[in-house]
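Working notes, structure below.
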Amino acid sequence: MNRTLHTTLAHGETLTDHPLPGIGGLAPWQERIAKELILAHLDAGITVTRLAEACALSRSHFTRKFKESTRQSPHDWLRHQRVEKAKTLLLKSDLTLTAISMECGFFDQAHFCRVFVRMVGSTPLAWKRHGALALQQIAQITHRLRA
């Protein structure tokens, strides 16, 4: 049985989608190991079976517990981490989209762009332009504050 935290809002609605910490999910050491392994294999991926073995759980048990702990399946968490790494590379490197897609473990540039648009809501290049502009504005504000 999945115990959940019940929160009553001002209008009487009850939120029941927040599991209580430490109940039903992975143990902290298991979550840490699983996330470290996923991040270490971001470019090539890692099987759920291998993650489960590292956490001393069956594949299905691990998948369920991982989702209870992170609110994402291992595959979704991996994909999210790949997109976050891609965002960093878009802003801080001069790599091409093809190179970024390979560095982040996507099949090809088209796959990278499809996943990025689905998750972020804009193309990688549009996001990069917007992010670069925001960084430039922050730098200008910081410069003015120091002067």
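Laboratory data are not the source of any read-out in this text; all were calculated from the coordinates shown. What you see is a predicted model; the values in this text were computed from it and never measured. We place every Cβ from the backbone using ideal geometry, glycine too, and count neighbours over all the protein chains shown.
Averaging over all projection directions, find the projected area of the Cα convex hull of segment 28-147 and quote it in nm² with one decimal place.
Computing the convex hull of the Cα atoms and averaging its projections yields 9.1 nm².
Please arrange 127, 29 by counting, for each residue, the other beta carbons lying within 10 Å of its beta carbon, fewest first.
Lowest to highest Cβ neighbour count: 29, 127.
Could you name the lysines whose alpha carbon sits less than 18 Å from that of residue 128, not counting residues in the same chain fewer than 8 places away?
Hits, sequence-local ones excluded: 85, 87, 92.
Go through 105-118, 35-48 and give me the packing order, highest mean Cβ count within 10 Å leading.
Going by the mean number of other Cβ atoms within 10 Å, highest first, we get 105-118, 35-48.
With θ set to phi - 60°, apply the Karplus curve 6.51 cos²θ - 1.76 cosθ + 1.60 along segment 57-64 and write out the HN-Hα couplings as whole Hz, x wherever there is a Gly or Pro.
9, 6, 4, 5, 5, 4, 4, 5
Restricting attention to segment 42-147, which GluC sites (Glu not before Pro) occupy a DSSP loop and are surrounded by at most 12 other Cβ atoms within 10 Å?
Nothing satisfies the criteria.
Run the numbers for residue 145 and residue 110: contour at 0.36 nm per residue of separation, minus the present Cα-Cα distance, in nm.
Working it through step by step, the gained length comes to 8.4 nm.
For 145, 26, what's the fewest-to-most ordering of other Cβ within 10 Å of each Cβ?
If I rank by nearby Cβ atoms, fewest first, I get 145, 26.
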